[in-house]
Amino acid sequence: MSKNRAFAVNLFFSIILISLIIFSLITVIPLVITNQSIVGTSIEPFTVRTTNSELISLNDIDTPFILFFWASWCDPCRKLIPTLTKIGEKYREELLIVGINHGESINEINNYSAGKDIQFPLVYDEDSLFSSKFNIKSLPTLILVDKDKIIKKVSIGNPIFLRFDVDKLVEKNQDLSNEE
């Protein structure tokens, strides 16, 4: 291959790589910054209906809790469910996990969850109204809230330090905003 052709190929791939990096920075960083802006704020009272037709009211929750925004088509979400189930089992009386499905119908959620060991309530948000309230743009998103209803942490994706953060949230009710 001639030097000019090799240079052109290298330039082409360099431009593509730089474009991908710029695209990632433009799309991902604003999501993280936007979601982090709610850390430290209190959650307004809400009531949601689970797929089992039970009502969960924020006013009735007196423990820390996790809002887990997910969808059945989201592979990282599906992989996170067993971890959240184990965390829920460990802190059965001290923590509530609520799985808020993003944009799917109750039938889709029930079809996905049938026969699976999901040990926390699933809520359907078919019109994404609840997801919009928290500006959810990426899945999975976890919002960790202390017993005083203050948002302590927002994690997008599969958080590496989730178990550590939950331990701190439940056991010490500490500030989690500076980690990860």
Report task. Enumerate the calculated ³J(HN,Hα) couplings along region 122-131 in order (Karplus 6.51 cos²θ - 1.76 cosθ + 1.60, θ = phi - 60°), each rounded to whole Hz, writing x wherever the residue is Gly or Pro. Result -> 10, 10, 9, 10, 4, 8, 6, 5, 5, 4
Query - Cβ charges +1 (Lys, Arg) and -1 (Asp, Glu), total dipole of region 47-146, debye - result: 320 debye
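State the dimensionless ratio Rg/Rh of region 79-144 (Rg: radius of gyration of Cα atoms; Rh: Kirkwood radius).
Numbers: Rg = 12.2 Å, Rh = 12.7 Å.
Computed over Cα atoms, the ratio is 0.96.
Net charge near Ile81, counting Lys/Arg +1 and Asp/Glu -1 over other residues with Cβ under 9 Å of its Cβ?
With Lys, Arg at +1 and Asp, Glu at -1, the neighbours total +2.
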**Report entry** Spherically averaged projected area in nm², based on the convex hull that wraps the Cα atoms of region 68-180
**Finding:** 6.8 nm²
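Taken together, the values in this text are just the output of simple stated rules run on the coordinates, not laboratory data. Note that the structure is a prediction, hence the values are computed from the model and not measured. As a convention, Cβ positions derive from the backbone with ideal geometry for all residues, glycine included, and neighbour counts pool all protein chains shown.
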